[in-house]
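All remarks here apply to the structure that follows.
The values are calculated or read from the model by the stated rules, or taken from the named source; none is laboratory data. What you see is a predicted model; the values in this text were computed from it and never measured. Because the Cβ atoms are built from the backbone with ideal geometry, glycine has one as well, and the counts that use them run over all protein chains shown.
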Amino acid sequence: MHRALAAHPAIDLTVLFCSEWGLTPYRDQGFGRDVQWDVPLLDDYRFTFLRNWSWRPGLNRFWGVLNPSVVPWIVTGRYDAVLVYGWARATNLLAIGAALASNTPLLLRGETNLLNFLPSFKQRFKAAVLKPLFAATSGFLSIGRHNTEFYRVWGVPARKIYLTPYSVDNDYWLAQGAQFSACKSQLKCDLGFGPETPVVLFSGKLISMKRPLDLLQAFEPVSKKLPCGLVFLGDGQLRGQLEAYARDRGLTNVKFVGFKNQSELAPYFAMSDVFVLPSGFEPWGLVVNEALCFGLPVIASDKVGATGDLVQPGVNGFIYPAGDVAALTARLEELLLNPTLRHSAGRASRKLIQKWGIPQVVEGVLECLRGIVGSRTEVAA
């Protein structure tokens with residue numbers, strides 16, 4: 001996204017990073033291992049790293065990102081607009097305060113939706129914080145339908161909301177799909193499946209929030225009706241439990257391939273025929289975008305944010321109530337027993353993702369900036 005924004009002649013972009021997360025090895029508690037992403041993240045745009053003064057650095061805590069220097073950067077930078085990604089960390093609020101104090105138009109882009117239940121005390125706290133913040137914000141860059149609904153519920157007028165689809169690098173993933181699709185049968189054989197065996201894929205952390213056991217339990221009765229396979233791509237604290245369940249039930253057609261870095265994912269998507277994301281809550285789920293790039297039908301729970309835009313029931317997949325294993329079983333069976341439906345749904349997925357990518361993000365940002373500050377703009381993100 002940053003590369004595409006910086007490449008547009010109407011935007012002069014400076015990115016202020018609050019941490020080096022992803023660039024250097026870090027401990028990912030969900031995967032249960034050290035991770036360092038193996039794709040380029042800093043090419044072709046101007047950026048700087050702000051010093052993090054947090055006594056316990058980390059992206060999952062409010063005080064884990066504390067960069068006071070963001071204030072002078074914004075106040076003295078004379079930017080035409082400041083884009084802040086959310087409001088959940090100390091530096092986000094510092095950046096928001098600096099933008100408002102310097103009369104710089106503030107743009108917000110976050111993942112929040114209404115799919116996750118919040119206790120009443122948290123709702124009251126949110127109301128006290130978000131209503132005045134949203135009233136002072138010039139523009140909202142919505143990532144999709146459920147995100148837009150969140151803003152509307154909190155009183156944001158439609159004229160201030162601009163769609164900037166939550167996206168992956170479609171060009172990269174589509175090219176990966178094209179590269180590996182020709183050896184789909186061989187990839188299945190390499191993993192121990194028959195060349196024509198329909199394969200179901202899960203990709204993500206093996207943790208309770210993702211509900212991988214729901215998928216394994218739903219797959220079990222279907223696998224007794226026809227030869228099919230299930231691949232768990234990822235790692236986490238539930239892996240041992242899942243492996244024990246598969247072993248005890250004699251599910252030899254379930255494979256656990258562990259954590260794979262970004263450059264290693266494509267063969268597993270290319271060999272698969274159905275993608276499932278059974279999460280109990282997922283603000284978005286970019287893995288759904290990736291699955292669509294490989295032309296996969298998607299089954300996802302109704303707590304996955306991406307379903308609002310990227311899963312059209314009966315067209316390119318299905319949505320089912322989170323935690324309802326029987327419903328998931330029925331949807332799996334419907335796709336696995338019907339190759340014609342699988343193929344048509346896969347084609348629909350690939351068609352849908354063509355209109356949900358980074359070019360649409362850039363256009364949404366430009367539309368917002370034109371409405372707020374005019375044509376050529378200098379933006380801090």
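For the reader, a short list of remarks on this structure follows.
- Given (1) within 14 Å of the chain's Cα centre (by Cα); (2) surrounded by fewer than 19 Cβ atoms within 10 Å (Cβ to Cβ), number of the condition Gln360 does not satisfy: (1)
- Matching residues in region 332-364 - criterion: being farther than 26 Å from Ala218 by Cα and among the aliphatic types (A, V, I, L, M): Leu352, Ile353, Ile358, Val361, Val362
- Residue under evaluation Ser138, criteria (1) farther than 30 Å from Thr307 by Cβ; (2) over 24 Å from the mean Cα position of the chain (by Cα); (3) surrounded by 15 or more Cβ atoms within 10 Å (Cβ to Cβ), criterion not met: (1)
- Selected residue (criterion: farthest from Ala175 (Cα to Cα)) from residues of region 341-381 that are outside any helix (DSSP H, G or I) and out of contact with any strand residue (DSSP E or B) (no Cβ under 7 Å at 6 or more places or on another chain): Gly374
- If the condition is being buried (at least 24 other Cβ atoms within 10 Å of the Cβ), under 10 Å from Ile319 (Cα atoms) and either in contact (Cβ under 8 Å) with a residue 60 or more places away in the chain or among the hydroxyl-bearing types (Ser, Thr, Tyr) (or both), then region 278-303 contributes Pro278, Ser301, Lys303.
- Restricted to region 153-269, the set of strands (runs of 3 or more DSSP E) holding at least 1 residues that are assigned by TED's automatic domain parsing to the domain that holds Ile143 and touching a residue at least 12 places away in the same chain (Cβ under 8 Å) comprises 161-163.
- Taking the criterion of being closer than 15 Å to Asp190 by Cα and in contact with a Ser or Thr (Cβ under 7 Å, 6 or more places away or on another chain), the only residue of region 234-258 that qualifies is Asn253.
Each row is one residue, and each column tells you yes or no for (1) modelled with pLDDT of 90 or more; (2) over 20 Å from the mean Cα position of the chain (by Cα); (3) in a helix (DSSP H, G or I); (4) among the polar types (S, T, N, Q).
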residue: Ser19; (1), (2), (3), (4): no, no, no, yes
residue: Trp55; (1), (2), (3), (4): yes, yes, no, no
residue: Val82; (1), (2), (3), (4): yes, yes, no, no
residue: Thr91; (1), (2), (3), (4): yes, yes, yes, yes
residue: Ala98; (1), (2), (3), (4): yes, yes, yes, no
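- The residues of region 323-340 that are free of Cβ contacts under 8 Å to residues at least 24 places away in the same chain, part of a helix (DSSP H, G or I) and closer than 27 Å to Leu174 by Cα, listed by number, are Glu334, Thr340.
- Selected residue (criterion: surrounded by the fewest Cβ atoms within 10 Å (Cβ to Cβ)) from residues of region 102-135 that are over 28 Å from Trp55 (Cα atoms) and charged (D, E, K, R): Arg124
- Hey, Ala99 among the aliphatic types (A, V, I, L, M) and buried (at least 19 other Cβ atoms within 10 Å of the Cβ) or not: yes
- Some residue of region 124-133 being of a type in the set (D, E, K, R) and touching a strand residue (DSSP E or B) at 6+ places or on another chain (Cβ under 9 Å): no
- Selected residue (criterion: modelled with the highest pLDDT) from residues of region 349-381 that are of a type in the set (D, E, K, R) and closer than 17 Å to Thr137 by Cα: Glu367
- Residue among Ile372, Ile319, Ile358, Ile353 that alone is free of Cβ contacts under 8 Å to residues at least 60 places away in the same chain and of a type outside the set (Lys, Arg): Ile319
- Selection over region 60-111 of residues that are farther than 22 Å from His2 by Cα and touching a residue at least 60 places away in the same chain (Cβ under 8 Å) gives a count of 0.
- As a summary of the residue check, Phe134 satisfies the conditions (1) outside any helix (DSSP H, G or I); (2) in the same structural domain as Gly77 (by TED's automatic domain parsing) except for the one numbered (1).
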